[in-house]
Amino acid sequence: MLQTQMRPTTGENRYWFKRAAEHVKLEVPISRYLEASGVQVRGSRARCLIHGGRNQASFVILNGGKKFFCHSCQKSGDIIDLVTLVEKHADNWTALVSLKENFGLTLPGPRQKESWSKRQEEKATIRDQVFETLVQSYQRRYFRVFGDLVLEHIEDPVEREEEGRRLFEDFGKVARVAARNRMDR
């Protein structure tokens, strides 16, 4: 989910914002936004939401639904400009977030360098290995501490071995929870 704190400030993020904006412009034509806002669109004309006019022909949709112009208030732009004006957003970024949330869009994420992605994969692999090692360690520890208490009253060696194996496997579930809690600290 996008958050308004992720404002594009650096050059790479501004490039990402442009990519995200282009994606939104393709996914949400102006007519779709107007209809979702309760405005009836006839052909390429509608009533203007920006100034709240009643003239059904003052607002014109241009360039196949990508641009607009209002003859009454003289405002023009694309879907992001329209949402910024209609919903009174402080900037285009919050308008983009609003469109994303209202229309259930998935925006392309910022591009990362290949070396960064590779390092993240390496870290995830190491994290998984550490987690499995912790699980095994906790499992053995639980069995050593509590296993004798459970198994001391079983006289039959075959039954004792079966119960010991079952108990060891059951400690694996508890060990997994304990290891997850430890990793989350």
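The values are calculated or read from the model by the stated rules, or taken from the named source; none is laboratory data. Quantities reported herein were computed from a predicted structural model and do not represent experimental measurements. Cβ coordinates were reconstructed from backbone atoms using ideal geometry, including for glycine residues, and neighbour counts include every protein chain displayed.
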Next on the checklist: Any residue that is part of a helix (DSSP H, G or I), modelled with pLDDT under 85 and over 16 Å from residue 91 (Cα atoms) - is there at least one of those in the range 3-11?
Outcome noted: yes
Checklist entry - Of the residues 78, 91, which is out of contact with any Ser or Thr (no Cβ under 9 Å at 6 or more places or on another chain) and acidic (Asp, Glu)? => result 78
Item to check | Those residues of the range 15-36 which are among the hydrophobic types (A, V, I, L, M, F, W, C) and either farther than 17 Å from residue 107 by Cα or in a helix (DSSP H, G or I) (or both), in sequence order | outcome: 16, 17, 20, 21, 24, 26, 30, 34, 36
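Matching residues to (1) surrounded by 15 or more Cβ atoms within 10 Å (Cβ to Cβ); (2) under 12 Å from residue 73 (Cα atoms); (3) of a type in the set (A, V, I, L, M); (4) in the same structural domain as residue 76 (by TED's automatic domain parsing):
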residue: 27; (1), (2), (3), (4): yes, no, no, yes
residue: 30; (1), (2), (3), (4): yes, no, yes, yes
residue: 35; (1), (2), (3), (4): no, no, no, yes
residue: 42; (1), (2), (3), (4): no, no, no, yes
residue: 45; (1), (2), (3), (4): yes, no, no, yes
residue: 49; (1), (2), (3), (4): yes, yes, yes, yes
residue: 53; (1), (2), (3), (4): yes, yes, no, yes
residue: 58; (1), (2), (3), (4): yes, yes, no, yes
residue: 61; (1), (2), (3), (4): yes, no, yes, yes
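Please give the helices (runs of 4 or more DSSP H) falling wholly within the range 92-185 in which 1 or more residues are at pLDDT below 90, loosely packed, with under 11 Cβ neighbours inside 10 Å and of a type in the set (Gly, Ala, Ser). Steps first, answer last, please.
On the way: elements: 92-102, 114-151, 157-184.
Helices (runs of 4 or more DSSP H) meeting the threshold: 114-151.
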Next on the checklist: Of everything in the range 63-91, what is over 13 Å from residue 24 (Cβ atoms), touching a His at 6+ places or on another chain (Cβ under 8 Å) and crowded, with 19+ Cβ neighbours inside 10 Å? Give them in sequence order.
Outcome noted: 70
Checklist entry - Of the residues that make up the range 37-48, is at least one at pLDDT 85 or above, closer than 21 Å to residue 105 by Cβ and aliphatic (A, V, I, L, M)? => result yes
Checklist entry - Within the bounds of the range 112-133, is there any residue that is touching a residue at least 40 places away in the same chain (Cβ under 8 Å), within 30 Å of residue 20 (Cβ to Cβ) and among the β-branched types (Val, Ile, Thr)? => result no
